[in-house]
1. Could you tell me which of the pairs K72/K147; K103/K295; K83/K103; K83/K295; K72/K296 are separated by over 22 angstrom between their Cα atoms in the structure shown?
2. What is the Cα centroid distance between the stretch 162-236 and the stretch 250-291, reported in whole angstrom?
3. Any chance you could list the semi-axes, whole Å, largest first, of the equivalent ellipsoid that the Cα gyration tensor gives for the stretch 24-98, using √(5λ)?
4. Compute for the chain: radius of gyration divided by Kirkwood radius, i.e. Rg/Rh, restricted to C-alpha atoms, rounded to two decimals.
5. With +1 on each Lys and Arg Cβ and -1 on each Asp and Glu Cβ, and nothing else charged, work out how big the dipole of the stretch 242-298 is about its Cα centre, in Debye to the nearest 20.
6. Only helical DSSP H runs with n ≥ 4 go in: add -39500 (n - 2.57) per run for the chain, normalise by residue count and round the 222 nm mean residue ellipticity to 500 deg cm²/dmol.
7. Work out the charge dipole of the chain with +1 on the Cβ of Lys and Arg and -1 on the Cβ of Asp and Glu about the Cα centre, then indicate which of L86, L11, P22 is farthest towards its positive end.
8. With a Förster radius of 56 Å, plug the Cβ-Cβ distance of A76 and A166 into 1/(1 + (r/R0)^6) and report the FRET value to the nearest 0.05.
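Throughout, read-outs are computed from the coordinates displayed, never taken from laboratory work. Everything numeric in this text was worked out from a predicted model, so none of it was measured. Here the Cβ is made from the backbone with ideal geometry for all residues, glycine too, and neighbour counts use every protein chain on show.
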Amino acid sequence: MERRTIGATALEVGAIGLGCMPMSWGYTESQRNGEGSLRAVHAALDRGCTLLDTADMYGPFTNELLVGRALKERRAEAFVSTKVGLLVGEQHIVANGRPGYVKRACDASLRRLQTDVIDLYQLHRTDPEVPIEETWGAMAELVAAGKVRSLGLCAVGARAGRRRGARLYDGTLRQLERVQQVFPVSSVQAELSVWSKEALEQLLPWCVTRGVGFLAAMPLGNGFLTGTLTPGQGFEPEDIRARHPRFTAEMMAANQPVVAGLRRVGARHGATPGQVALAWVLAQGRHVVPVPGTKKERWAAENAAAADLVLDRRDLAEIAALPPARGSWD
């Protein structure tokens, strides 16, 4: 598998990562299986998907514990990425960027992950009550202490915090410029997929010009771009797609032409729609590492194989001509 670097870090990662969140958080609770998820992690590592992406809030905490079980046997093969900055309550999630908390949270993550160093420590969300420079400074001290190798910023929640009239990542870019003055940013994580291309306008160019890695979250469109979901199938109450404006029965039906286009391209290459979607993300540049989430060994293996799929000009032009995705807000 092709290798890519995360910013200025000495460690390389496979061209495709593994998002571990669905194993413990956010999707189809009834289908979670610890042993099955562990097999998915091993399948990804076996195929060169070395970047394992988790967070302390997933579960909460149980996702890091699961990843830690795999790392206990295979730490040298993995690039470990986890996140800090969000606390999960009974009915709410709140940001906490206080320096003391960040340092305690890092120690707790190290214990759960069964490792003495985190390769990439990401700020999950900024705390509106704490200057981001203070939070980032505490994270930088963790690098100096040898507990963390590099720092990243998540912009996955940028849509919710956007000001009226502002472009999606205006606020994120301001934050990035501020923290760069404190300690170098090695990576930015944000949504990027065939049906969510906003990061191509501002965020990815910012990363490319500065040698910053880009972790593409939700590259399979929360599973829609795999072509395995049926309009009107319904989702469990805790599944994030149950409240997503693109996953109503009406909008899932309206967005089928996107999947059909990926399927047509895949047919020419003997690939699935999901593999084409991942290959499209990879084609956006060598700074980009898609991080598809899964909890099943079968999908982890299929996703890894997408690293060998190279789309040609005809493929990319056909994907560019697909209709934009629609949501219930449209």
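1. Values: K72/K147 17 Å; K103/K295 29 Å; K83/K103 12 Å; K83/K295 19 Å; K72/K296 20 Å.
Beyond 22 Å: K103/K295.
2. 17 Å
3. Details: eigenvalues 114, 50, 16 Å².
Gyration-tensor ellipsoid for the stretch 24-98: 24, 16, 9 Å.
4. Numbers: Rg = 18.7 Å, Rh = 19.9 Å.
Rounded to two decimals, Rg over Rh is 0.94.
5. 120 debye
6. Working: 11 runs with 120 residues, N = 330.
That comes out to -11000 deg cm²/dmol.
7. The residue sitting most towards the positive pole is L11.
8. Values: r = 44 Å, r/R0 = 0.78.
The value I calculate is 0.80.
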